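**Student:** Take a look at the following structure, please.
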Amino acid sequence: MTRITIKLSEQVARPIGDGQPIPARATGTAYEPLAAAMPASKPSSSAPAVRAAAPRPSGGPAEPPQAADQARARAERAWSTPTPAAPERGPRVPRGDVTARLGRKPPRKLARRGPLAWAAGMLLLCMLIPALLVQRQHPVTDELIVRQPKPAPAPPMQEAVPREPLVHVYLTGEQAVEKVTLEQYVRGVVAAEMPTEFEMEALKAQAIAARTFIVRRLAHHDTSGVPVKGAEVTDTVAHQVYMSIDNLTNPKNKEKLARVTQAVNETRGMILTYKGEPIEASFFSTSNGYTENSEDYWTNRIPYLRSVASPWDESIAPHFMDTVSMPLTQFMNLLNISPPAIPASASVVKKQQVLANAAEPRILSTTTGHRIKLIRIRGKNYSGREIREKLGLRSSEFTWRIHKGQIDITTYGNGHGVGMSQWGANGMAKEGATAEAIVKHYYTGVSLEQVNDVLKLE
């Protein structure tokens with residue numbers, strides 16, 4: 001099969017096979033057939049040679065003469081169009097020379113590279129290789145890369161602060177319940193129960209005792225003596241005297257608050273235990289020189305509430321000794337003693353003598369702590385505690401003097417005498433005793449522990 005390649009004016013070459021119609025060229029809106037007869041070649045130095053068309057097989061349709069002439073004319077016009085010549089190349093530039101191109105000035109001739117230049121090149125290559133490797137491992141894409149901020153370094157591990165138990169205090173004056181943390185409650189008790197001018201070790205001993213007292217009540221769910229539900233203690237001497245948050249944070253108590261806070265913070269969480277249980281950490285103001293056994297003032301014998309010497313009170317306590325005077329008739333009425341029958345005609349001196357004889361007390365026994373244990377008045381026996389409470393005396397150690405129809409009662413010490421003496425603690429602190437030494441002196445055989453080791457929080 002013979003093929004003819006014809007270069008058209010659009011410079012598109014199409015192969016034409018034998019027996020296929022010759023395509024027409026567009027002229028206006030109609031297509032005209034190309035003539036089969038056209039020059040086999042056109043003398044030109046730049047145009048490529050065109051192979052002659054093979055003769056049409058015999059028996060095929062003959063083309064009209066007019067169509068052949070038109071095809072020949074078009075072919076001649078196509079051959080007459082000059083082909084753009086390729087731009088001439090300049091002379092070959094010798095190796096090592098640089099010539100100016102496109103109007104640029106020729107650069108200076110490159111100088112011979114020395115050893116320093118080779119070293120710099122090797123260094124640059126060493127720097128580029130890692131960058132190329134990284135780029136190869138992390139190819140650039142069209143996806144948006146969101147860089148997450150570097151997480152902040154974790155804070156140093158700190159010991160977890162244990163939760164504090166809460167204390168609900170019934171404020172009798174406001175008739176409201178104040179909810180505070182354990183340490184806030186202890187601060188309020190120390191501020192109300194002990195003079196803040198005391199030695200710091202005495203204040204710390206008071207904080208330990210006050211904390212132990214409330215922890216014991218919390219551990220045993222003891223709400224005795226509380227007039228309302230939802231509170232564990234009151235703010236009175238029935239439990240522990242307590243200063244509310246509002247009163248404690250009053251600007252006039254600023255100095256008091258600072259010392260109390262120091263004492264509470266330095267004993268934070270410390271309580272007294274006996275055989276692993278929080279003790280009944282009772283305390284009082286001033287001893288008569290000794291503390292009292294628990295069974296001599298209360299009914300139960302408590303092993304850690306034993307009578308101990310407390311010689312510091314007498315020399316420093318302002319109310320170590322106190323005297324109360326009252327008429328004999330009032331004395332007998334307070335004790336529910338019926339006065340003796342006195343004739344109306346009796347003189348004043350005679351009447352006073354009769355009353356004195358009737359009201360004359362007689363001590364039957366004393367306690368280990370040198371207080372009155374049992375006393376008889378007009379044929380009736382009383383405990384030293386009963387006399388103290390009925391007459392409103394400071395202590396159950398007392399003496400009396402009857403004269404001119406009245407009785408003068410002198411007491412020694414201040415308080416029930418069981419547990420720690422506050423003024424005795426201050427006297428020990430003045431002599432250099434620590435808080436631990438103070439509490440272990442007044443509470444026999446106790447240990448110091450942390451509240452969280454004893455009180456299990458829910």
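The values are calculated or read from the model by the stated rules, or taken from the named source; none is laboratory data. Treat the numbers as computed from the prediction; the structure is a model and nothing was measured. For neighbour counting, all protein chains shown are included, and Cβ atoms are generated from backbone atoms with ideal geometry for every residue, glycine included.
Each row is one residue, and each column tells you yes or no for (1) surrounded by fewer than 18 Cβ atoms within 10 Å (Cβ to Cβ); (2) β-branched (Val, Ile, Thr); (3) assigned to a loop (DSSP other than H, G, I, E, B).
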| position | (1), (2), (3) |
| --- | --- |
| PRO311 | yes, no, yes |
| ASP322 | yes, no, no |
| THR329 | yes, yes, no |
| PRO340 | yes, no, yes |
| ALA346 | yes, no, yes |
| ALA356 | yes, no, no |
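**Student:** The conditions are (1) under 19 Å from TRP298 (Cβ atoms); (2) in contact (Cβ under 8 Å) with a residue 12 or more places away in the chain; (3) not hydroxyl-bearing (Ser, Thr, Tyr), and MET326 fails exactly one of them. Which is it?
**Tutor:** Result: MET326 passes all but (1).
**Student:** Just give me the residues in the range 392-440 being over 22 Å from THR368 (Cα atoms), in contact (Cβ under 8 Å) with a residue 60 or more places away in the chain, part of a loop (DSSP other than H, G, I, E, B) and not assigned by TED's automatic domain parsing to the domain that holds ALA209, in sequence order.
**Tutor:** Once the filter is applied, which keeps residues that are over 22 Å from THR368 (Cα atoms), in contact (Cβ under 8 Å) with a residue 60 or more places away in the chain, part of a loop (DSSP other than H, G, I, E, B) and not assigned by TED's automatic domain parsing to the domain that holds ALA209, the range 392-440 yields GLY392, GLY405.
**Student:** Separate question: Looking at (1) part of a strand (DSSP E or B); (2) within 20 Å of GLY369 (Cα to Cα), find the lone condition where GLU389 falls short.
**Tutor:** Among (1) part of a strand (DSSP E or B); (2) within 20 Å of GLY369 (Cα to Cα), the lone unmet condition for GLU389 is (1).
**Student:** Determine, yes or no, whether THR261 is hydroxyl-bearing (Ser, Thr, Tyr), within 18 Å of ALA191 (Cβ to Cβ), in contact with a strand residue (DSSP E or B) (Cβ under 7 Å, 6 or more places away or on another chain) and surrounded by fewer than 22 Cβ atoms within 10 Å (Cβ to Cβ).
**Tutor:** In short, no.
**Student:** Still on this structure: From ILE208, ILE214, grab the single residue that is in contact with a Ser or Thr (Cβ under 6 Å, 6 or more places away or on another chain), among the β-branched types (Val, Ile, Thr) and either in a helix (DSSP H, G or I) or surrounded by 14 or more Cβ atoms within 10 Å (Cβ to Cβ) (or both).
**Tutor:** Values: ILE214 fails: in contact with a Ser or Thr (Cβ under 6 Å, 6 or more places away or on another chain).
The conditions single out ILE208.
**Student:** Here is a follow-up. Restrict the check to the range 164-175 and report whether at least one residue is closer than 20 Å to ILE438 by Cβ and exposed (fewer than 13 other Cβ atoms within 10 Å of the Cβ).
**Tutor:** Checking the range 164-175: not a single residue is closer than 20 Å to ILE438 by Cβ and exposed (fewer than 13 other Cβ atoms within 10 Å of the Cβ).
**Student:** Related question: Residues of the range 289-309 being of a type in the set (D, E, K, R) and either touching a residue at least 12 places away in the same chain (Cβ under 8 Å) or part of a loop (DSSP other than H, G, I, E, B) (or both), which ones?
**Tutor:** First, the residues of the range 289-309 that are of a type in the set (D, E, K, R): 292, 295-296, 301, 306.
Scanning the range 289-309 gives GLU292, ASP296, ARG301, ARG306.
**Student:** Can you confirm whether LEU374 is free of Cβ contacts under 8 Å to residues at least 40 places away in the same chain, closer than 21 Å to TYR297 by Cβ, over 60 Å from the mean Cα position of the chain (by Cα) and in a strand (DSSP E or B)?
**Tutor:** For LEU374, the condition - free of Cβ contacts under 8 Å to residues at least 40 places away in the same chain, closer than 21 Å to TYR297 by Cβ, over 60 Å from the mean Cα position of the chain (by Cα) and in a strand (DSSP E or B) - is not met.
**Student:** Let me ask you something else. Within the range 238-249, does at least one residue satisfy the condition of being part of a strand (DSSP E or B) and crowded, with 19+ Cβ neighbours inside 10 Å?
**Tutor:** Taking every residue of the range 238-249 in turn, none turns out to be part of a strand (DSSP E or B) and crowded, with 19+ Cβ neighbours inside 10 Å.
**Student:** Please count how many residues of the range 298-309 are among the polar types (S, T, N, Q), touching a Phe, Trp or Tyr at 6+ places or on another chain (Cβ under 8 Å) and surrounded by fewer than 14 Cβ atoms within 10 Å (Cβ to Cβ).
**Tutor:** Residues meeting the conditions: 0.
**Student:** Assigned by TED's automatic domain parsing to the domain that holds THR434 and either farther than 24 Å from MET428 by Cα or not in a helix (DSSP H, G or I) (or both): does that describe ARG268?
**Tutor:** Numbers: assigned by TED's automatic domain parsing to the domain that holds THR434: yes; either farther than 24 Å from MET428 by Cα or not in a helix (DSSP H, G or I) (or both): yes.
When the stated conditions are applied, ARG268 passes them.
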